[in-house]
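**Student:** The structure that follows is given in the form of structure tokens.
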Amino acid sequence: MKEKILVTGGAGYIGSHTCLELLNEGYEVVVVDNLSNASRESLARVEKLTGKTLSFYEVDIMDRAGLADVFHKEKNIAAVVHFAAKKAVGESVENPLEYYQNNITGSLCLCEMMLEHGVSRIVFSSSSTVYGSPETVPVQENARIGATNPYGHSKVMMEQVLMDTGKVNDWDVVILRYFNPVGAHDSGEIGEDPEYPFNLLPYVSQVAAGLREQVAIFGDDYETPDGTCIRDYIHVVDLAKAHVRSLDKILQKPQGLLVYNLGAGRGYSVKEMVEAFRRISGLEIKAVIEPRRSGDVPVSVGDPSKANKDLEWIAEHDLDDMVSSTWKWQTKYPRGYR
Ligand code: UFG
């Protein structure tokens, strides 16, 4: 068995896929999750798929005593992968304090616990949202930082907290900036299970499944080839593998601070995504044009070449894989984990 990894938010969408890859690679996995936007069932399925077991604690990372208890019980944690956070942009605008409280306080609590227990390696779940509206695309890691909503600000702040804390304490800090995570595990056993689908692909998927009548395309008057916004969609299994590569790297030898874009490096428009879903599902999927959604940037595409080189990692799944795995998960489990 390889080293012990603590995964916060491990029962969530990206967390559960990462736990699966970690177990498959022989790591020992300890999950801390408050199950506020996740289900224990995701991890039961991860255990079934891998034939391995993990340790689970239903603990909120803001609960100092609860988290301390985990660090006491689970000796020899070699590294932390930190996913636990709230992630809905619109909700963060409505309720900024909840976002700062949860995302910042929770992360500070985790960092303090790491310091107390001599854990000095962390892989952090950041987002392309830290670039705000990028001046040039594909965006590189050294681009100007400029988030535009409380969710994004919380990610920028956490990056800074980790950089400052890491620097003075000689930590290995890997900041992974995801572009648009989509798709599900090839088995169709685990996937994204949103209470309400704010993101494009889960929404389209629910329309295809007949759970919703139509999808709104938010704006077709952008300066893009077909007028709809372009995003760099990245398959969740590819994302998960990048976390494993990051851990492999920092566990092998000290690295200090590493910052990587995780994207496929190519963009698709909203219309192209809907069209791909129609083609793969063979269903009509009603779409209507609606006004722009406030806060959307026309184009967000990342340059993943730094991660490609340093982590020897590449996004292997193409558009069809992203859509077909989403559809497989949707049809196999129309109600997600419920
Ligand atoms: N869209 C629609 N209809 C929908 C949902 C989305 O047309 O019902 C459009 C959006 O306007 C956007 C594109 O589809 O142009 C993608 O939207 P998503 O909501 O799927 O993704 P975002 O790019 O807005 O957000 C994602 C993550 C955020 C992260 C952000 C960074 O979900 O967590 O990328 O840019 F902050």
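The values are calculated or read from the model by the stated rules, or taken from the named source; none is laboratory data. Every value quoted in this text rests on a predicted model; they were computed, and no experiment measured them. Methodologically, a virtual Cβ is constructed for each residue, glycine included, from the backbone with ideal geometry; neighbour enumeration extends over all protein chains shown.
**Student:** Which number in (1) charged (D, E, K, R); (2) closer than 19 Å to Pro134 by Cβ; (3) more than 16 Å from the ligand (Cβ to nearest atom) marks the one condition that Lys309 misses?
**Tutor:** Here Lys309 meets the rest and fails (2).
**Student:** Applying the selection to the stretch 28-52, what residues are within 23 Å of Trp313 (Cα to Cα) and surrounded by 24 or more Cβ atoms within 10 Å (Cβ to Cβ)?
**Tutor:** Answer for the stretch 28-52, where residues must be within 23 Å of Trp313 (Cα to Cα) and surrounded by 24 or more Cβ atoms within 10 Å (Cβ to Cβ): Val29, Val46.
**Student:** Okay, moving on. When the residues of the stretch 58-92 are filtered to those that are within 16 Å of the ligand (Cβ to nearest atom) and of a type in the set (A, V, I, L, M, F, W, C), which remaining residue is surrounded by the most Cβ atoms within 10 Å (Cβ to Cβ)? Write out each step before concluding.
**Tutor:** Restricting attention to the stretch 58-92, the residues satisfying the condition of being within 16 Å of the ligand (Cβ to nearest atom) are 82-92.
Right, trim to of a type in the set (A, V, I, L, M, F, W, C) and you get 83-85, 88-89.
Working: Phe83: 25, Ala84: 29, Ala85: 24, Ala88: 18, Val89: 21.
This residue is Ala84.
**Student:** Turning to a different aspect of this structure: Being in contact with a strand residue (DSSP E or B) (Cβ under 9 Å, 6 or more places away or on another chain) and not in a loop (DSSP other than H, G, I, E, B) is the filter; apply it to the stretch 191-206 and report the residue that is nearest to Tyr333 (Cα to Cα).
**Tutor:** Looking only at the stretch 191-206, we keep the residues that are in contact with a strand residue (DSSP E or B) (Cβ under 9 Å, 6 or more places away or on another chain), and these are 192, 199-204, 206.
Next, only the ones that are not in a loop (DSSP other than H, G, I, E, B) stay: 200-204, 206.
Details: Leu200: 19, Leu201: 16, Pro202: 13, Tyr203: 15, Val204: 15, Gln206: 11 Å.
Checking each candidate, the answer is Gln206.
**Student:** To continue, here is another question. Name the pairs whose Cβ atoms lie under 6 Å apart, with the first residue in the stretch 23-50 and in a loop (DSSP other than H, G, I, E, B), the second β-branched (Val, Ile, Thr), and 6 or more positions between them or separate chains?
**Tutor:** Close Cβ pairs satisfying both conditions: Glu25/Val244; Tyr27/Ile5.
**Student:** Report yes if some residue within the stretch 119-138 is away from the ligand (no atom under 16 Å from the Cβ) and surrounded by fewer than 15 Cβ atoms within 10 Å (Cβ to Cβ); otherwise report no. Show your work before the answer.
**Tutor:** To start, the set of residues in the stretch 119-138 that are away from the ligand (no atom under 16 Å from the Cβ) comprises 119-123.
Narrowing further to those that are surrounded by fewer than 15 Cβ atoms within 10 Å (Cβ to Cβ): none.
Among the residues of the stretch 119-138, not one is away from the ligand (no atom under 16 Å from the Cβ) and surrounded by fewer than 15 Cβ atoms within 10 Å (Cβ to Cβ), which makes the answer no.
**Student:** List the residue pairs whose Cβ atoms are under 7 Å apart, where the first residue sits in the stretch 207-218 and is under 18 Å from Lys332 (Cβ atoms) and at pLDDT 95 or above, the second is more than 9 Å from the ligand (Cβ to nearest atom) and among the aromatic types (Phe, Trp, Tyr), and the two are 6 or more positions apart or on different chains.
**Tutor:** As it stands, the answer is Ala208/Phe277; Ala208/Trp327, since those pairs meet every condition given.
**Student:** Scan the stretch 173-200 and report the pairs whose first residue is near the ligand (Cβ under 8 Å from one of its atoms) and whose second residue is among the basic types (Lys, Arg), with Cβ atoms within less than 9 Å and a gap of 6+ or a chain change.
**Tutor:** Phe179/Arg231; Asn180/Arg231; Pro197/Arg212; Leu200/Arg231
**Student:** What is the one condition in (1) outside any helix (DSSP H, G or I); (2) under 18 Å from Ser324 (Cβ atoms) that Met273 does not satisfy?
**Tutor:** If we test Met273 against (1) outside any helix (DSSP H, G or I); (2) under 18 Å from Ser324 (Cβ atoms), just (1) comes out false.
**Student:** Identify, by number, the condition in (1) surrounded by fewer than 17 Cβ atoms within 10 Å (Cβ to Cβ); (2) within 25 Å of Pro304 (Cβ to Cβ); (3) in contact with a Phe, Trp or Tyr (Cβ under 9 Å, 6 or more places away or on another chain) that Ala216 doesn't meet.
**Tutor:** (2) is the only condition that Ala216 fails.
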